[in-house]
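Chemist: One structure is given below, represented as structure tokens, and several questions about it will come after.
The values are calculated or read from the model by the stated rules, or taken from the named source; none is laboratory data. Worth saying up front: this structure is predicted, and the values here are computed from it rather than measured. Cβ placement follows ideal geometry from the backbone for every residue including glycine, while neighbour counts extend to all protein chains displayed.
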Amino acid sequence: MKVLAHRGNHHDALENSLQAFKAIKQTSVNGVELDIRLSKDGTVLVFHDEDLLRLFDKEMKIADLTFEQINEIATQKGVTVPALKEVFHLLLPESIINVEIKEPEVVFPLIDLLKENKYPLENLIFSSFIHNTLPPIRDALKGAKLGLLIGSDAQNVAHPIAYIQSAMLKHEPYSLHLPIQAFEKIEQNLLVNALTAMKEKTQIQYAWWTVNTIRELTPLLEYPNITDYIITDNPEQIINHIKSGG
């Protein structure tokens, strides 16, 4: 059961900032989850939103700005928006890094970055809600671990378990990334039995997001066979609870 800090350790630093990733060095987390986009000048950078409005109060899109321009704005808040390679250099190979692909445009620059620098793939997981962004990574990088992110797409179908099973058969991922709210949306025994059966058949890894409270953690501790990764905004609280035996 591995704990990943969602967008870095961002209680005292801005989410997905270089400072938030440096802060995990002082924790016992197993790694981080982060998001990537492409700047105007082709830099693969770590940022969740498509624009700067929520974090920097600027109605400007990431795709319309160079990496330098983005950081001129970020500096005004005392933080650094990192290039993905900066986080790789900081945390690999010791830490797990779950790289979430936020847009199709970033896929091939990401592949180029990985090939050019020959980063070890063992502790990297590439996940996305946009499932068709993942096969090119597998095609280009032997041994790349792909993660299917499941969210509102499963909520909008009549049979979410069947939808998940179909997606798994199509993409054959390393991991399935499920919202912790699945325990509320799907009858618990049905969910647990289905995930257990898939695990026994395929050895799929399960990553749960975003597990931020002890109440949300409880069912995962009850069913550790379907809990491989926990992605959380409160990594130290979650780790301490796990270590205490729940």
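Chemist: Return yes when TYR229 is modelled with pLDDT of 95 or more and among the aromatic types (Phe, Trp, Tyr) and no when it is not.
Modeler: yes
Chemist: If we scan segment 41-64, do we find a residue that is at pLDDT 95 or above, exposed (fewer than 14 other Cβ atoms within 10 Å of the Cβ) and among the polar types (S, T, N, Q)?
Modeler: Checked against the condition, which is being at pLDDT 95 or above, exposed (fewer than 14 other Cβ atoms within 10 Å of the Cβ) and among the polar types (S, T, N, Q), segment 41-64 yields no hits at all.
Chemist: Could you please let me know if VAL81 is in contact with a helix residue (DSSP H, G or I) (Cβ under 8 Å, 6 or more places away or on another chain), surrounded by 21 or more Cβ atoms within 10 Å (Cβ to Cβ) and assigned to a helix (DSSP H, G or I)?
Modeler: It is false that VAL81 is in contact with a helix residue (DSSP H, G or I) (Cβ under 8 Å, 6 or more places away or on another chain), surrounded by 21 or more Cβ atoms within 10 Å (Cβ to Cβ) and assigned to a helix (DSSP H, G or I).
Chemist: With respect to TYR174, determine if the residue is touching a residue at least 40 places away in the same chain (Cβ under 8 Å) and either among the aromatic types (Phe, Trp, Tyr) or crowded, with 19+ Cβ neighbours inside 10 Å (or both).
Modeler: yes
Chemist: Quick check on my filter: what residues within segment 21-40 are among the charged types (D, E, K, R), modelled with pLDDT of 95 or more and either outside any loop (DSSP other than H, G, I, E, B) or under 15 Å from the mean Cα position of the chain (by Cα) (or both)?
Modeler: Passing the criteria: LYS22, GLU33, ASP35, ARG37.
Chemist: For segment 8-50, name all the residues that are under 20 Å from VAL107 (Cβ atoms) and not hydrophobic (A, V, I, L, M, F, W, C).
Modeler: ASN16, GLU33, ASP35, ARG37, SER39, LYS40, ASP41, GLY42, THR43, HIS48, ASP49, GLU50
Chemist: Further, regarding this structure: Can you name every residue in segment 112-128 that is in a strand (DSSP E or B) and either within 10 Å of PHE88 (Cα to Cα) or hydroxyl-bearing (Ser, Thr, Tyr) (or both)?
Modeler: LEU124, SER127, SER128
Chemist: Further question: Filter segment 230-241 for residues that are touching a helix residue (DSSP H, G or I) at 6+ places or on another chain (Cβ under 7 Å), part of a helix (DSSP H, G or I) and either hydroxyl-bearing (Ser, Thr, Tyr) or surrounded by fewer than 19 Cβ atoms within 10 Å (Cβ to Cβ) (or both) and give the result.
Modeler: HIS241, the sole residue that qualifies.
Chemist: Additional query: Looking for something more than 21 Å from the chain's Cα centre (by Cα) and either under 21 Å from ILE24 (Cβ atoms) or at pLDDT below 95 (or both) - is there at least one such residue anywhere in segment 148-155?
Modeler: No, because not a single residue in segment 148-155 is more than 21 Å from the chain's Cα centre (by Cα) and either under 21 Å from ILE24 (Cβ atoms) or at pLDDT below 95 (or both).
Chemist: With (1) in contact with a helix residue (DSSP H, G or I) (Cβ under 7 Å, 6 or more places away or on another chain); (2) small (Gly, Ala, Ser); (3) closer than 21 Å to LEU4 by Cβ as the list, and SER175 as the residue in question, which single condition is left unmet?
Modeler: (1)
Chemist: Among the residues in segment 117-136, are any modelled with pLDDT under 95 and in contact with an Asp or Glu (Cβ under 8 Å, 6 or more places away or on another chain)?
Modeler: no
Chemist: Follow-up. What helices (runs of 4 or more DSSP H) completely inside segment 151-193 contain at least 3 residues that are in contact with a Pro (Cβ under 6 Å, 6 or more places away or on another chain)?
Modeler: none
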